[in-house]
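Before any comments, here is the structure.
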Amino acid sequence: MLLPGFAMLFFSYFKELVGKEVTVELKNDLAITGILHSVDQYLNIKLENTRVVDEAKYPHMLSVKNCFIRGSVVRYVQLPPDGVDVDILHDATRREARGA
Amino acid sequence: MSLAGPDNFPATSLADNLDKKLLVILRDGRKLVGILRSFDQFANVVLEQAIERIMVGELYCDLPLGLYIIRGENVVVIGELDLEKEELPPHMVRVMPSEIKRAQKAEKDATELKGTMRKRMEFLDFD
């Protein structure tokens, strides 16, 4: 399936982050930290070696070590400081906007 | 269209989790546990021997549900349960369905009471 360039931009961006530790905050306020295992076109995310930020509040997540997060419920993804290359995103966005 | 081969699955596919015991958290906050038998790209999933795990404070209860097909849009998280580890912390106490229903109602009433109290006090404009 072919997606418009802009949709692919963040998909490509997240693919670069695979293997890094990220924190995903969901719309229900649950925040999960883990190693980014994979991401797809919907920005669904798979995390490995996960831990929940507020463990006391979510005891049912205690034995979950790997998880799949549906892209539509994600509010934020907190990235590692060295994982953000704003210049690349900036350039790629302008390239897409010019239609190149 | 041919049936998807292993190469046609995206990296995020749930294929690795098939026939495993999973925890599915839904948008309404419900927590279901069951064996994953089928899924698709929308995260529609089929859970066999599904139970709903209700937790109120330190109490919990597993209600048997049977075979469940969950529409993907309701799915928040699908977690793999580590079979080596206890599913819940040791201080959680398992109770009967009737008791968890009572605890649920008490919690709901307490929340509502808090809401009405706050509403009544609003004119005081405290911070």
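The values are calculated or read from the model by the stated rules, or taken from the named source; none is laboratory data. It should be emphasised that the depicted structure is a prediction, and the values quoted were computed from it without experimental measurement. All Cβ positions, even for glycine, are placed from backbone atoms using ideal geometry, and neighbour counts span all protein chains on display. For the accessible areas, the whole protein counts, side chains as well, though only heavy atoms, and no ligand, DNA or RNA atoms are used. Shrake-Rupley method; radii C 1.70, N 1.55, O 1.52, S 1.80 Å.
In table form, for the structure just shown:
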{"read-out": "From B:Lys108, B:Lys85, residue being under 22 Å from B:Ile25 (Cβ atoms), open to solvent by 70 Å² or more (accessible area, probe 1.4 Å) and within 11 Å of another protein chain (Cβ to nearest Cβ)", "value": "B:Lys85"}
{"read-out": "Index of the failed condition, A:His37 passing every other in (1) crowded, with 20+ Cβ neighbours inside 10 Å; (2) part of a strand (DSSP E or B)", "value": "(1)"}
{"read-out": "Test result for B:Arg71, over 15 Å from the mean Cα position of the chain (by Cα), free of Cβ contacts under 8 Å to residues at least 40 places away in the same chain, on the phi < 0 side of the Ramachandran plot and open to solvent by 100 Å² or more (accessible area, probe 1.4 Å)", "value": "no"}
{"read-out": "Residue within region B:20-40 that is within 9 Å of chain A (Cβ to nearest Cβ), over 12 Å from the mean Cα position of the chain (by Cα) and either assigned to a strand (DSSP E or B) or surrounded by 14 or more Cβ atoms within 10 Å (Cβ to Cβ) (or both) present", "value": "no"}
{"read-out": "Any hit, region A:19-33, residues being within 11 Å of another protein chain (Cβ to nearest Cβ) and either of a type in the set (Ser, Thr, Tyr) or more than 19 Å from B:Gly29 (Cβ to Cβ) (or both)", "value": "no"}
{"read-out": "Residues of region A:52-75 satisfying the condition of being in a loop (DSSP other than H, G, I, E, B) and without any contact (Cβ under 8 Å) to a residue 12 or more places away in the chain", "value": "A:Leu62, A:Ser63"}
{"read-out": "Residue in region B:91-100 that is surrounded by the fewest Cβ atoms within 10 Å (Cβ to Cβ), counting only those that are in contact (Cβ under 8 Å) with a residue 24 or more places away in the chain and assigned to a helix (DSSP H, G or I)", "value": "B:Pro97"}
{"read-out": "Residue within region A:49-72 that is crowded, with 18+ Cβ neighbours inside 10 Å and touching a Cys at 6+ places or on another chain (Cβ under 6 Å) present", "value": "yes"}
